[in-house]
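The values are calculated or read from the model by the stated rules, or taken from the named source; none is laboratory data. This structure is a prediction, so every number in the text was calculated from the model and none was measured. Neighbour counts are summed over all protein chains in view; Cβ atoms, including those assigned to glycine, are modelled from backbone coordinates with ideal geometry.
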Amino acid sequence: MTQGFELAASLAGGVEGRRGAWRFIQGFAAHWAGALESGDGWAEGDLASAEERLGFRLPTALREAYLMFGRRKDLTSRYDVLLSPAELYVDEAGEALVFRHENQGAASWGILLGGLQDDDPAVFSRTDLADKSAERWEGWLEHLSLCFVEIVLSESLHVDEELCDFLDADESDVESLEENFVRLPFPVYPIGDEQNGSRWFLGQGALLRDDAGAAIFARGRTAEDLDRVRDLIPGDWLNDYR
């Protein structure tokens, strides 16, 4: 987008496989957060200890992500929480390896145990319900590397208020979003929910996520960029004190 990092082009490569995903995250971190450095990931010994405790080897994509940037909470845990290797666990039903929690414990993300042998397995989510018998693991994203791209993008929407904002959206807001910003090449998710899923957009120095036409999150590279978003999508933005 600037300074040699083209977000949309890099993301197009990032959705094609693990290597592209890690390149995208590396570039995104450098230009929207802070460059990755040695020490930002967990040590091999941390992963080995987790594997010994769990009784199985972690998927390649999970190992690579943890080794590369797993300790960078600004990229992975500003809002929802990426579990540390020592916190990884198999759910009570023995169906999935859980690696991420919603910030208030209302949902979890995991890998079905049957997919652990895949290098880059699918990711599933489960909502925490009062009726535990009704809880089901539902498809989230096709690959774990895609999920980590989504994690890094989504966590970037929760930095300082001067750079981030939220809008309870209506149909006209979504129309303004689609008219003024470019849809990014990231699949709608959860899997198979084209009508009610999340979509990503870019433009005017800002990154935006539309959640089923009901909510729009925006992150500007600068406060001025965020103000332009508010002007292009007029509405009762949560953090707009102008």
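The conditions are (1) in the same structural domain as Gly139 (by TED's automatic domain parsing); (2) modelled with pLDDT under 95, and Thr2 fails exactly one of them. Which is it?
(1)
Could you pull out the residue among Phe166, Phe99, Phe124 that is closer than 30 Å to Glu224 by Cα and among the aromatic types (Phe, Trp, Tyr)?
Working: Phe99 fails: closer than 30 Å to Glu224 by Cα; Phe124 fails: closer than 30 Å to Glu224 by Cα.
On inspection, the qualifying residue turns out to be Phe166.
Got a sec? Which of Leu112, Leu202, Leu167, Leu207 is more than 22 Å from Ile25 (Cβ to Cβ), of a type in the set (A, V, I, L, M, F, W, C) and outside the structural domain of Asp80 (by TED's automatic domain parsing)?
Details: Leu112 fails: outside the structural domain of Asp80 (by TED's automatic domain parsing); Leu202 fails: more than 22 Å from Ile25 (Cβ to Cβ); Leu207 fails: more than 22 Å from Ile25 (Cβ to Cβ).
So the residue among Leu112, Leu202, Leu167, Leu207 that is more than 22 Å from Ile25 (Cβ to Cβ), of a type in the set (A, V, I, L, M, F, W, C) and outside the structural domain of Asp80 (by TED's automatic domain parsing) is Leu167.
Just checking, how many residues over region 175-190 are charged (D, E, K, R) and assigned to a loop (DSSP other than H, G, I, E, B)?
The qualifying residues number 0.
Tell me whether region 70-86 contains one or more residues that are over 18 Å from the mean Cα position of the chain (by Cα) and exposed (fewer than 15 other Cβ atoms within 10 Å of the Cβ).
So far as region 70-86 goes, yes, one or more of its residues are over 18 Å from the mean Cα position of the chain (by Cα) and exposed (fewer than 15 other Cβ atoms within 10 Å of the Cβ).
Within region 226-242, restricting attention to residues that are touching a residue at least 40 places away in the same chain (Cβ under 8 Å) and not in a loop (DSSP other than H, G, I, E, B), which residue is surrounded by the most Cβ atoms within 10 Å (Cβ to Cβ)?
Only one residue fits best here, namely Val229.
From the list Ala61, Ala50, pick out the single residue that is crowded, with 20+ Cβ neighbours inside 10 Å, assigned by TED's automatic domain parsing to the domain that holds Gln117, touching a residue at least 60 places away in the same chain (Cβ under 8 Å) and of a type outside the set (S, T, N, Q).
Ala61
From the list Arg183, Arg199, Arg221, exactly one residue is among the basic types (Lys, Arg) and touching a residue at least 24 places away in the same chain (Cβ under 8 Å). Which is it?
Arg221
Yes or no: region 131-150 includes at least one residue that is at pLDDT 95 or above, touching a Ser or Thr at 6+ places or on another chain (Cβ under 7 Å), among the aliphatic types (A, V, I, L, M) and within 29 Å of Trp237 (Cα to Cα).
No, the conditions are met nowhere in region 131-150.
What single numbered condition from (1) under 30 Å from Pro121 (Cβ atoms); (2) within 16 Å of the chain's Cα centre (by Cα) fails to hold for Gln195?
(2)
Among the residues of region 146-189, which ones are under 10 Å from the mean Cα position of the chain (by Cα) and not hydrophobic (A, V, I, L, M, F, W, C)?
Listed by number, the residues that qualify are Glu150, Ser154, Glu155, Ser156.
Look at Val123 and say whether it is in contact with a strand residue (DSSP E or B) (Cβ under 6 Å, 6 or more places away or on another chain), within 24 Å of Phe201 (Cα to Cα) and surrounded by fewer than 16 Cβ atoms within 10 Å (Cβ to Cβ).
Judged against the criteria, Val123 is not a match.
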